[in-house]
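Here is the structure we will look at.
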Amino acid sequence: MKTESAGALEQLIARAATVLRRARHVCVLTGAGISAESGIPTFRDALTGLWSKFRPEELATLEAFERDPQLVWQWYEWRRDLVRQAQPNAGHRALAELARRVPRLTLVTQNVDGLHQRAGSPAVLEYHGNILRDRCMLEQVVADRSEDSRHGVPRCSACGGLLRPDVVWFGEAIPREAMLLAAAAADDCDAFLSIGTSSLVYPAAGLAEVALQRRVPVIEVNPNPTDLSAAADLVLQGPAGTILPLLLEQLAHPPG
Ligand code: BJW
């Protein structure tokens, strides 16, 4: 027998499926939570082990990098290893499938791990860059590492400049194309899904606000309440790897 709360969740998923069934353009924003079930810690999880004495907010800045590039690189190399070992999970796969089931879907991710692409999602907008790429601090272009700097602080093979991860730190601009296309999608969509994000970091968090202002249905998927929850039309409380496959199933087989 189903518990009452499981029944309530099922009803909410059915309502979310109805929204998606009617939608012409679905805009999806994902955050670190969707990759948690792939073994990648969320950004605001307390860090463990070696990194427990640092706050991610204090490492993901240009100031931190300029102060101590070696420390920041060690943190990014640790995270890169986690990303390289990780596999897309059921949540990533469900979103790739959802793109095939609705007329149009724009997927905007704050994640830097490339797992949506590996799950088969087309045309992912990487709002905060990609951790697996390096960028030259001097030329400001994606660059390769010089042979003699594969360990420690890497340097550009073309000009010898310091390399940094090709991600967006606090106070830095969002990549122009991703920002424009995401804003256009929030302005055009008729359903908005916010998945696995604390909705704390702007301008990404502002995309759901655009949809809310346009009175577009906003659906949140998250095991915990966030800054968006009170305003969202539907809150599907639970892990993305469980909720999103259930949502797809409901979309395919609506109750008679
Ligand atoms: C699950 C789950 C499961 C767990 N399933 N869910 C307006 C108002 C206030 C401040 C600002 C503003 N506009 C700009 C700012 C400043 C700043 C900002 O937002 N600060 C706030 C913290 C207050 N923003 C910026 O600085 C941005 N730049 C900017 O505005 O530039 C202006 C400019 C213009 C022109 C020229 C120059 C400058 C840039 C923001 C960059 C953010 N970068 C980071 C690091 C990326 C690189 C890296 O990875 O190292 O991006 S910070 C970090 O936060 C990372 C994430 O993408 C981002 C969002 O975090 P996310 O994804 O929401 O993760 P968590 O951990 O917070 O939440 C996880 C959620 O998952 C939780 O809710 C869990 O419950 C849930 N969960 N398991 C589903 N199984």
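Details
- Phi-based couplings in Hz for segment 11-21 (Karplus 6.51, -1.76, 1.60; Gly and Pro marked x): 5, 5, 5, 4, 5, 5, 5, 5, 4, 5, 4
- Each residue of segment 194-203 is assigned a 3J(HN,Hα), and the resulting list reads 10, 10, x, 10, 6, 6, 9, 9, 9, x Hz, derived from the Karplus form 6.51 cos²θ - 1.76 cosθ + 1.60 (θ = phi - 60°), x at Gly and Pro.
- Antiparallel bridge percentage (DSSP; both residues within segment 110-256; nearest 5): 55 percent
- For the chain, the longest principal axis of the Cα atoms and the long axis of helix 69-85 meet at an angle of about 40 degrees.
- C-alpha center-to-center spacing [segment 218-256, segment 168-217] in angstrom: 18 Å
- Rolling a 1.4 Å probe across the protein heavy atoms gives the chain an accessible surface of 50 Å² per residue.
- Long-range HN-HN contacts of LEU105 with modeled amide H, under 5 Å: VAL26
- Dipole of the chain, positive end: most advanced residue of GLY161, CYS136, ALA182 [Cβ charges, Cα centre]: ALA182
- HN-Hα J in Hz across segment 216-224 - Karplus 6.51, -1.76, 1.60, θ = phi - 60°, x for Gly and Pro: 7, x, 10, 10, 10, 10, 6, x, 10
- Binning the C-alpha pair distances of the chain at 5 Å intervals from 0 yields a P(r) profile of 1, 6, 13, 17, 18, 15, 11, 8, 5, 3, 2, 1, 0, 0 %, listed from the shortest bin outward.
- Around the amide H of SER146, modelled in the peptide plane, lie the amide H atoms of ARG155, CYS156, SER157, all under 5 Å away and 5 or more residues distant in sequence or on another chain.
- Put a plus charge on the Cβ of each Lys and Arg, a minus charge on the Cβ of each Asp and Glu, and nothing anywhere else: the dipole of segment 73-115 about its Cα centre is then about 240 debye.
- Relative to the dominant Cα principal axis of the chain, helix 90-101 is inclined by about 60°.
- The amide H of ALA191, built 1.01 Å from its N in the peptide plane, has HIS25, CYS27 as neighbours under 5 Å, considering only residues 5 or more places off or on other chains.
- Crossing angle, helix 240-252 versus the chain [Cα axis fit, 0-90 degrees, rounded to tens]: 40 degrees
- Antiparallel bridges, percent of DSSP beta bridges restricted to the chain (to nearest 5): 30 percent
- Only Lys, Arg (+1) and Asp, Glu (-1) charged, at Cβ; segment 89-141 dipole about Cα centre in debye: 300 debye
- Of the GluC sites (Glu not before Pro) in segment 116-172, the ones in a loop by DSSP (not H, G, I, E or B) with at most 12 other beta carbons within 10 Å are GLU139.
- Placing +1 on the Cβ of every Lys and Arg and -1 on the Cβ of every Asp and Glu, with nothing else charged, gives the chain a dipole about its Cα centre of roughly 620 debye.
The values are calculated or read from the model by the stated rules, or taken from the named source; none is laboratory data. Computed from a predicted structure; not experimentally measured. Methodologically, a virtual Cβ is constructed for each residue, glycine included, from the backbone with ideal geometry; neighbour enumeration extends over all protein chains shown. Please note that ligands, DNA and RNA were not included when accessible areas were found on the heavy atoms of the full protein model with its side chains. Shrake-Rupley method; radii C 1.70, N 1.55, O 1.52, S 1.80 Å.
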